[in-house]
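The values are calculated or read from the model by the stated rules, or taken from the named source; none is laboratory data. If you're wondering where the values come from, they're calculated on a predicted model, not measured in any experiment. Please note: Cβ atoms are built from the backbone with ideal geometry, for glycine as well, and neighbour counts cover all protein chains shown.
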Ligand code: C5P
């Protein structure tokens, strides 16, 4: 695995020679790219000695560019890890800046990008830093940590860089780079619906809902990281297509139904995280409807239930639904699990502005004979945990775990 390790100017940079050794112990080739301020905390001599490669730090270094240009370096990388990542680099990555080698390389790479933030706990909790974290996460950057504990500044709290061993385990671990073999969903195809749908009323108006698509996009990224081929069927959202995922854009529930059934025969797992409109206007007027009376009535008709239609297929994939409810969350969720014949349902409370169009979420996951709670966390971290659970339930019910069940059925047939 080729890893570009970006080092920025935080005190935790003193741990990077150890990080490089841990990465190399796990078989990775490591190319260091330093920002100017990283050199205040760790020397080029030390980094070069442990990485065994000349250090890159300057976009305008003609000799280094001639041997491997920054674009070639961006292509060479299987993973770009920035550790430590300061508040400054997070802001520059979020803004799309490209004034130095590291930021230019991040824009130019198709490899997964991970950052390990490290800063004082008050800086980490600053709303500007958190907004940048959320934006980067939304664009598919993996945010590793930070951990909690005592800090170099003498304070205690969240902001410590994860330990070198832990970082090395994550980025060289199975499934971190999309398409890597050995991930929990390696060799599987996962189809995911995400976002709202738009149901046209006339050429200028439509009915929709508050879904942002963030949860579905985070699931797509997490499933790709777990080694799956991922097809994301997305309603209209304001998010960049996740890296390494085939994204198909649709507008209405009918479009989403069609696009899903176009690909569903390939799917091992189907995750319906879209907030599909339940009803659409019976007809979409071809001219703008003029205001006339004091009231107006719109006649509506049910849209196709995409999730139920997939779960009812003779060779249905492992199906995961979402239930967004304001009340009786678990009761309604279990009802949907049973009525729609799902393998699993993720129950979201959407009362008081929760879950929709926000960055954090807390869910309860239910299946026929089990249940697991996931407390409030960022949607990206939550997506990783949900994908792990889906992979293990898939394995238990459809993987090699199905064989004993089949033999019991045969035995019963014979007796
Ligand atoms: O029945 P309800 O709409 O509450 O079920 C929610 C689940 O069903 C979600 O997983 C949603 O994506 C899916 N759904 C669907 N097609 C519809 C309505 C809901 O796939 N028309």
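So here's what we get for this one:
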| item | result |
| --- | --- |
| Residues of segment 311-336 satisfying the condition of being near the ligand (Cβ under 10 Å from one of its atoms) and closer than 20 Å to residue 370 by Cβ | 311, 319, 320, 321, 322, 323, 325, 332, 333, 335, 336 |
| Residue check, residue 252 crowded, with 24+ Cβ neighbours inside 10 Å, within 14 Å of the ligand (Cβ to nearest atom) and in the same structural domain as residue 333 (by TED's automatic domain parsing) | no |
| Selection within segment 1-56 - more than 18 Å from residue 102 (Cα to Cα) and outside any helix (DSSP H, G or I) | 1, 26, 27, 28, 52 |
| Test: residue in segment 148-162 that is assigned by TED's automatic domain parsing to the domain that holds residue 28 and part of a helix (DSSP H, G or I) | no |
| Odd one out for residue 285 among (1) touching a residue at least 40 places away in the same chain (Cβ under 8 Å); (2) over 23 Å from residue 363 (Cβ atoms); (3) not in a loop (DSSP other than H, G, I, E, B) | (3) |
| Residue match in segment 193-207 (condition: more than 13 Å from the ligand (Cβ to nearest atom), assigned by TED's automatic domain parsing to the domain that holds residue 315, assigned to a loop (DSSP other than H, G, I, E, B) and within 21 Å of the chain's Cα centre (by Cα)) | no |
| Residue among 53, 92, 62 that is touching a strand residue (DSSP E or B) at 6+ places or on another chain (Cβ under 6 Å) and surrounded by fewer than 21 Cβ atoms within 10 Å (Cβ to Cβ) | 53 |
| Number of positions in segment 292-307 that are near the ligand (Cβ under 8 Å from one of its atoms) and part of a loop (DSSP other than H, G, I, E, B) | 3 |
| Which listed residue, of 250, 237, 230, 245, is farther than 30 Å from residue 289 by Cβ and at pLDDT 90 or above | 230 |
| Residue match in segment 365-375 (condition: within 13 Å of the ligand (Cβ to nearest atom), under 30 Å from residue 200 (Cβ atoms) and surrounded by 13 or more Cβ atoms within 10 Å (Cβ to Cβ)) | no |
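Residues are listed down the side, and each one gets a yes or a no for (1) within 16 Å of the ligand (Cβ to nearest atom); (2) within 20 Å of the chain's Cα centre (by Cα):
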{"position": "220", "(1), (2)": "yes, yes"}
{"position": "225", "(1), (2)": "no, yes"}
{"position": "236", "(1), (2)": "yes, yes"}
{"position": "281", "(1), (2)": "yes, no"}
{"position": "289", "(1), (2)": "no, no"}
{"position": "309", "(1), (2)": "yes, no"}
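Rundown of residues vs (1) assigned by TED's automatic domain parsing to the domain that holds residue 263; (2) under 20 Å from the mean Cα position of the chain (by Cα); (3) in a loop (DSSP other than H, G, I, E, B), yes/no style:
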{"residue": "315", "(1), (2), (3)": "yes, no, yes"}
{"residue": "319", "(1), (2), (3)": "yes, yes, no"}
{"residue": "324", "(1), (2), (3)": "yes, yes, no"}
{"residue": "331", "(1), (2), (3)": "yes, no, no"}
{"residue": "334", "(1), (2), (3)": "yes, no, no"}
{"residue": "345", "(1), (2), (3)": "yes, yes, no"}
